[in-house]
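Colleague: Here it is, the structure, as structure tokens.
The values are calculated or read from the model by the stated rules, or taken from the named source; none is laboratory data. Computed from a predicted model, the values in this text were never measured in an experiment. Heads up, the Cβs are rebuilt from the backbone with ideal geometry, glycines too, and the neighbour counts pull from every protein chain shown. We work out accessible area using only protein heavy atoms, side chains counted, and drop any ligands, DNA or RNA first. Shrake-Rupley method; radii C 1.70, N 1.55, O 1.52, S 1.80 Å.
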Amino acid sequence: MDPLVIVLRLIHVVAGALWVGMVTFVTYFLQPALLEAGPEGGKVMAAVQRRGIMTVMPILALATLISGLWLYLLAAGGRHAAFARSGPGMAFGLGGLAAIAAFLTGMI
């Protein structure tokens, strides 16, 4: 197997898992706890931001998106239209569109 594909898969899976895990943690645990803490929640969020969460999350998201797009292009092998109509091509394409939509939603 091509070493580039192995590295891209590793980046895609690890960055994607961390991205989804961090978003899940923030959505279901951190935000409710901050709301419950009231004004003191601002101090906690400031400390979290100083540790770089607002830098790390977009980097993980972009690493996932870029490596996934690169893997898609490698899998298509120059026949993008034919690959996009195949079962795996449609699945990868829809997954990629969902990831891009999630990224844009998070950034907005």
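Colleague: Just order 62-69, 26-33 by mean Cβ neighbour count inside 10 Å, highest at the front, would you?
Modeller: On the way: 62-69: 18.1, 26-33: 11.9.
Per-residue Cβ counts within 10 Å, averaged per peptide and sorted highest first, yield 62-69, 26-33.
Colleague: If you don't mind, another one. Let me check against my output: what whole-number percent is the relative contact order of the chain, with C-alpha pairs under 8 Å and at least 6 apart? Intermediate results must be reported in sequence, preceding the final value.
Modeller: Working: 53 pairs, mean separation 35.2, N = 108.
Computed over the chain, the figure is 33 percent.
Colleague: Continuing with this model, one more query. Round to the nearest 10 and report in Å² the accessible area of Trp19, as given by a 1.4 Å probe over the protein chains' heavy atoms.
Modeller: Per-residue accessible area (Trp19): approximately 40 Å².
Colleague: Here's something else I'd like to know. What does the accessible area per residue of the chain come to in Å², with a 1.4 Å probe and no ligands, DNA or RNA counted? Don't skip to the end; give the middle numbers.
Modeller: Values: 7540 Å² over 108 residues.
On a per-residue basis, the chain sits at 70 Å².
Colleague: What value, in deg cm²/dmol to 500, does the helix sum -39500 (n - 2.57) over DSSP H runs of n ≥ 4 give at 222 nm once divided by the residues of the chain? Could the numbers behind the result be given before it?
Modeller: Working: 6 runs with 92 residues, N = 108.
Only helices count here, giving -28000 deg cm²/dmol.
Colleague: For the chain, what is Rg from Cα atoms divided by 2.2 N^0.38 Å, rounded to two decimals?
Modeller: Numbers: Rg = 17.5 Å, N = 108, 2.2 N^0.38 = 13.0 Å.
My calculation over the Cα atoms of the chain gives 1.34.
Colleague: If packing is taken as the mean number of other Cβ atoms within 10 Å per residue, what is the order of 74-83, 4-13, highest first?
Modeller: On the way: 74-83: 12.2, 4-13: 13.8.
Peptide ranking by packing, descending: 4-13, 74-83.
Colleague: Which of the DSSP-defined H helices in the chain satisfy a minimum axial length of 24 Å, computed from C-alpha atoms, and a minimum mean Kyte-Doolittle hydropathy of 0.0? Could you put the intermediate results ahead of the total?
Modeller: Details: long enough: 3-25 (33 Å, 2.00); 53-76 (34 Å, 2.04); 87-107 (30 Å, 1.41).
In the chain, the long hydrophobic H runs are 3-25, 53-76, 87-107.
Colleague: What residues of segment 1-40 lie in the reach of a label at Ser86, counting those whose backbone N is under 20 Å from a point 7 Å from the Cα along Cα→Cβ?
Modeller: So the set is 1-10.
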